[in-house]
1. Taking into account only those residues within region 1-24 that are β-branched (Val, Ile, Thr) and over 23 Å from ALA38 (Cβ atoms), which is farthest from the chain's Cα centre (by Cα)?
2. Mind listing whichever residues of region 1-48 are within 22 Å of ILE70 (Cα to Cα) and among the polar types (S, T, N, Q)?
Amino acid sequence: MEFVVNNALRKIFDTKSQDIVEECREIFNCLSVESAIASRRWKFLEKLLYQKNKLCNIFVVNDTKELSEIRQSWLYNSVTVISC
């Protein structure tokens with residue numbers, strides 16, 4: 001998936017340099033695909049955690065575990081939660 005994003009940026013900025021692509025991603029605060037997916041998963045699990053639906057409450061234990069794992073990976077990798 002990173003390949004697709006990098007190639008799109010290469011075409012947009014008409015460059016073949018990976019350094020320029022990385023600089024553009026940093027300037028525009030574009031997360032890696034992995035980080036963007038983790039961010040969306042975090043938001044989904046957080047909303048699911050606070051639902052009053054009984055079916056959703058069955059999965060709360062697993063959700064809190066996943067939320068803590070995502071939080072630890074973000075703290076470990078020092079990822080900011082900003083997406084393109």
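Computed from the coordinates by the stated procedures, all read-outs in this text should not be read as laboratory data. Note that the coordinates shown come from a computational prediction; the quantities given were computed from them, not determined experimentally. Cβ coordinates were reconstructed from backbone atoms using ideal geometry, including for glycine residues, and neighbour counts include every protein chain displayed.
1. Step by step, filter region 1-24, then rank; the result is THR15.
2. ASN29, SER32, SER35, SER39
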